[in-house]
Amino acid sequence: MAINAGIFGDGTNLDDRFITDHKKLGNLVKHWKELGLKVVLTSGTYDLFHVGHAEYIEQAKKQGDLLIVGVDSDAKVRDRKGPHRPVVPEFERIQILSHLRHVDAITLKPAKEKPNALIKLIRPDVLVLSKSTKHRKEDIEEKKKYCGRIVMLPPQAETSTSAKVRLLHVSGAGRFAEELTPKLSAMIESRLQESSRELAQAIAADIPKLIEDTLRSLDGGK
């Protein structure tokens, strides 16, 4: 009879799936391995969750029996990607992952953890990495010491079609405003030198281009 409880249950079972205590997680992993289960580990931010994330998780789960997902904490993401990230706070990202049928256990990766700390703790049978992260060869060689094998997965979906919208979300309204406000002020001041009759029309014509130029500058001039 199939077990329908805890990490083996059909529900989100967040209290069972989200394991904050790494010592407890290590003990559970030892128990799961004793049961003959192949343990898979992968990690990431999973911010602004999209279909590429979901398909990546599904492919990771295919590598074994139990999938553990390490989620970068808000502080860790800010350290690596800047003050405007993540867009979605850590607990909400964890909750989203708990709803995925392929995720068995979730843990949080703190900002100050030592390199490869989670890999050393779990010593997975399979470690799944994303090619998009562009790991250095020496980093991969180091990780190999603590796991059975490494699987490199390519990006599972193209999201470039909505790059402009994603960029606006990721950069944050604050950054957009910081970029746009001085440009808008300068434009209005220049138009005030013209006759009042033409002012409204001139501003209306210039604002769409100004917004597009600002988005382009946030996107690295592309």
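Here, each number is a calculation from the coordinates, and none is a lab measurement. Values in this document were obtained by computation on a predicted structure and should not be read as measured data. Positions of Cβ are backbone-derived with ideal geometry, glycine not excepted, and every protein chain shown enters the neighbour counts.
For this structure, a couple of remarks:
- Contact map, the stretch 131-150: first residue more than 12 Å from residue 119 (Cα to Cα), second residue among the basic types (Lys, Arg) and assigned to a helix (DSSP H, G or I), Cβ cut-off under 9 Å, separation 6 or more or different chains; pairs are 135/143.
- Scan of the stretch 34-77 for residues that are touching a residue at least 12 places away in the same chain (Cβ under 8 Å), part of a helix (DSSP H, G or I) and more than 19 Å from residue 14 (Cβ to Cβ), ordered by number: 51, 52, 55, 56, 58, 59, 60, 75, 76, 77
- Summed over the stretch 81-120, residues that are within 23 Å of residue 139 (Cβ to Cβ) and touching a Gly at 6+ places or on another chain (Cβ under 6 Å) total 3.
- Lone qualifier among 93, 85, 80 - being basic (Lys, Arg), without any contact (Cβ under 8 Å) to a residue 60 or more places away in the chain and surrounded by fewer than 21 Cβ atoms within 10 Å (Cβ to Cβ): 80
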